[in-house]
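Have a look at the structure below, then the notes.
The values are calculated or read from the model by the stated rules, or taken from the named source; none is laboratory data. It should be emphasised that the depicted structure is a prediction, and the values quoted were computed from it without experimental measurement. Cβ placement follows ideal geometry from the backbone for every residue including glycine, while neighbour counts extend to all protein chains displayed.
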Amino acid sequence: MRPTAAFITLATLASVALLGGCSDQKSGTPTPTSAPSTGLPSNGAPAVADPITNTAGVETDPCSAIPNPVIESIGGKVKRTDLEKLSMGNSCAWIFQEAPNTVSAGLVTGNKDGLSALYAQNATGGLTTFKPVDPVNGYPAVIYANGGEGRGTCTLAVGVRNDLVYTVIPRLSDDHPSFSDPCGMATKVAEAALKNLKGA
């Protein structure tokens with residue numbers, strides 16, 4: 001069994017988000033964050049053909065991105081949710097009843113370059129894992145890491161706009177049904193969140 005990893009998960013989300021630069025975002029200022037960098041996408045990142053602009057609600061309350069019955073259908077009974085207010089954007093951690101399984105997700109508002117930041121980091125050798133994957137609900141996506149890879153975990157970033165990504169990080173113990181395919185679980189979580197964002 002792996003140790004409870006909620007704090008590690010959220011720290012990972014914040015640290016990797018730093019790839020996009022710093023933010024002056026203050027609590028209580030949901031969106032827009034600031035003007036995106038010009039010339040996006042860049043560094044070979046794919047363009048987001050159908051950008052989602054109405055993200056304010058999920059930026060403020062990331063747990064609202066996915067209704068509890070939906071997240072439970074993906075990962076199991078939810079014991080509680082934790083809202084983490086990070087400098088790079090708010091994140092929701094769903095803590096499952098069967099510990100120590102968690103999934104953390106949120107819009108990384110402090111990264112103003114979206115997926116382009118990850119492509120740039122990969123181009124300079126700054127990532128230990130970088131794998132563009134099939135689009136999620138039509139939105140470009142990448143599996144990546146900067147160390148910390150392991151069984152039962154995956155970091156998925158989906159470009160919802162050229163200047164904004166939604167990141168999902170499951171951390172699962174070996175008795176979780178999705179332990180052998182955490183990226184599959186991350187994709188399902190992202191699909192559910194994108195469906196809600198599109199309908200917002």
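Please specify each residue of region 99-121 satisfying the condition of being surrounded by fewer than 21 Cβ atoms within 10 Å (Cβ to Cβ) and assigned to a helix (DSSP H, G or I).
Listed by number, the residues that qualify are 120, 121.
Of the numbered conditions (1) part of a strand (DSSP E or B); (2) at pLDDT below 95, residue 132 satisfies every one except a single condition; which is it?
For residue 132, the exception is condition (2).
Looking only at residues in region 59-98 that are among the basic types (Lys, Arg) and either under 23 Å from residue 114 (Cβ atoms) or outside any strand (DSSP E or B) (or both), which one is modelled with the highest pLDDT?
As a first pass, look at region 59-98 and keep what is among the basic types (Lys, Arg): 77, 79-80, 85.
Next, only the ones that are either under 23 Å from residue 114 (Cβ atoms) or outside any strand (DSSP E or B) (or both) stay: 77, 85.
On the way: 77: 97, 85: 90.
Only one residue tops the list, namely 77.
Does residue 161 satisfy the condition of being out of contact with any strand residue (DSSP E or B) (no Cβ under 7 Å at 6 or more places or on another chain) and under 21 Å from residue 46 (Cβ atoms)?
On the way: out of contact with any strand residue (DSSP E or B) (no Cβ under 7 Å at 6 or more places or on another chain): yes; under 21 Å from residue 46 (Cβ atoms): yes.
So residue 161 fits the description; yes.
In this structure, does residue 53 turn out to be touching an Asp or Glu at 6+ places or on another chain (Cβ under 8 Å), among the polar types (S, T, N, Q) and in a loop (DSSP other than H, G, I, E, B)? Break it down into steps so the answer makes sense when it comes.
Values: touching an Asp or Glu at 6+ places or on another chain (Cβ under 8 Å): no; among the polar types (S, T, N, Q): yes; in a loop (DSSP other than H, G, I, E, B): yes.
Against the criterion (touching an Asp or Glu at 6+ places or on another chain (Cβ under 8 Å), among the polar types (S, T, N, Q) and in a loop (DSSP other than H, G, I, E, B)), residue 53 does not qualify.
Checking residue 33 against (1) over 22 Å from residue 171 (Cα atoms); (2) surrounded by fewer than 18 Cβ atoms within 10 Å (Cβ to Cβ); (3) at pLDDT below 50: exactly one of these is not met. Which one?
Evaluating residue 33 over (1) over 22 Å from residue 171 (Cα atoms); (2) surrounded by fewer than 18 Cβ atoms within 10 Å (Cβ to Cβ); (3) at pLDDT below 50 leaves (2) as the failure.
Looking for something in contact (Cβ under 8 Å) with a residue 40 or more places away in the chain and aromatic (Phe, Trp, Tyr) - is there at least one such residue anywhere in region 134-155?
Yes, region 134-155 contains at least one residue that is in contact (Cβ under 8 Å) with a residue 40 or more places away in the chain and aromatic (Phe, Trp, Tyr).
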